[in-house]
1. Find, among the chymotrypsin sites (Phe, Trp or Tyr not before Pro) in the stretch 146-221, those assigned to loop by DSSP (not H, G, I, E, B) with at most 15 other beta-carbon atoms within 10 angstrom.
2. Cα centroid distance between the stretch 91-113 and the stretch 39-82, in Å?
3. Can you compute 3J(HN,Hα) from phi for each residue in the stretch 200-206, using the Karplus curve 6.51 cos²θ - 1.76 cosθ + 1.60 with θ = phi - 60°, rounded to whole Hz and x for Gly and Pro?
4. Once the piece of chain linking Asn22 and Arg222 is laid out straight, how much longer is it, given 0.36 nm per residue of separation minus the C-alpha distance between them?
5. Quickly estimate the mean residue ellipticity at 222 nm for the chain, helices only: each DSSP H run with n ≥ 4 gives -39500 (n - 2.57), and the total goes over all residues, rounded to 500.
6. What does the charge dipole of the stretch 7-46 about its Cα centre add up to, to the nearest 20 debye, if the Cβ of each Lys and Arg holds +1 and the Cβ of each Asp and Glu holds -1?
7. Any idea which of Gly189, Ala153, Ile221 is furthest toward the positive side of the dipole for the chain, if Lys and Arg beta-carbons carry +1 and Asp and Glu beta-carbons -1?
8. Which ordering of Val91, Val145, Val160 is given by a fewest-first count of other beta-carbon atoms within 10 Å?
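Nothing in this text is a laboratory measurement; each read-out follows from the coordinates by a stated rule. Note that the structure is predicted; figures quoted are calculated from it, not measured. Heads up, the Cβs are rebuilt from the backbone with ideal geometry, glycines too, and the neighbour counts pull from every protein chain shown.
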Amino acid sequence: MAGISSRREAETLITSGRVSINGLVTTTLGSKADPSVDIISVDDKPITVRKERIYILLNKPAGYVTTLKDPDGRPIVTDLIKDITERLFPVGRLDFNTDGLLLLTNDGEWANRLAHPSHQVPKEYHVKVRGEVTPETIAKLSNGVKLDDGWTAPAKVEIVRTIGKNSWISIVIHEGRYRQVRRMCETVGLLVARLIRTRYGDLQLGEIKPGTYRHLTQEEIRSLIEGKPDKQQKIKTQEKDLHKKKNRGK
C-alpha cells in the first residue's frame, strides 16, 4: 500500500534484511507493526502508507496480462490506467486471452477478503463455444466436472443464444482456479472461441467499453464484502456434499 512492492516481493525485502521497525532490522515474516505509530523503513528510508483507497472496475481487453510485471514484455492491465498515479493491483486474475470485468485496488485487506475461498463471490462468464451444446453437456458443467486439480463445485450454466454453428453459454462459479472456465469447457468437449467475465458479485460489466474503467461507489465497495454467496450456488454445493456422503456410505 506504500507503493514499494508487491506482497510477494515484500516478503523477499523482509527476509533479506532490508526492512526495519523503529530502527531495528527484522527478518521474520509476520512481524507486527502499526504504521500510525511505528517507523517502518526500507533501505533506511521511512515509508508512508497512502490513506486514499482506490477501487476501480476495468473492462479488460484480451491481450493484457493481470500481473504487474511480465518477463515476456506483454502489455499489463495497469498500462490502461492512465490518470491514476497510485500503485494498483488486480483482485484475482483473468487470462491473457480473456476479456471482461476486472477489479483493481490499492487496498490489500479488501482484496484479500474478496479473494479468500470462504467468501464465495459469484462470478459470471459468457463463453462462446464452437458446435452444439447439448442438455447433457449443460448438466455435466452444472453438476461439477473433474479437473486435474480435483472436482469443481456445482455451477449455474445455461445457453444464452445460438448463432449458426456457435453458441454462447453463461457459467456462474464462485471458485477461482487457474483457467477454470476454459478447463471445464475443454473437459466436456467444448472448444472455447471467446471468454468474457460479465459479473463479479453484484457488479455488472454494463456499457463500459474495452480498455476503459470507472470508480466503484462506496455502496458497491461495501456490498462486495458484505454480500452473501449466490443462493442457488449454495444449495447446489450442499446437495453435492450430501451426495458424496451417501456414496461414501455405500
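1. Numbers: sites: Trp151, Trp168, Tyr178, Tyr200, Tyr213; in loops: Tyr178.
Within the stretch 146-221, the qualifying chymotrypsin sites (Phe, Trp or Tyr not before Pro) (loop, at most 15 other Cβ atoms within 10 Å) are Tyr178.
2. 11 Å
3. 9, x, 8, 7, 10, 5, x
4. Details: separation 200, 0.36 × 200 = 72.00 nm, distance 3.41 nm.
Between Asn22 and Arg222, full extension yields 68.6 nm more.
5. Details: 6 runs with 61 residues, N = 250.
One gets -7000 deg cm²/dmol as the mean residue ellipticity at 222 nm.
6. On the way: 5 positive and 6 negative charges, 22 e Å.
Taking the Cα centre of the stretch 7-46 as origin, the dipole is about 100 debye.
7. My answer, from the dipole projection, is Gly189.
8. Working: Val91 21, Val145 16, Val160 11.
Result, fewest neighbours first: Val160, Val145, Val91.
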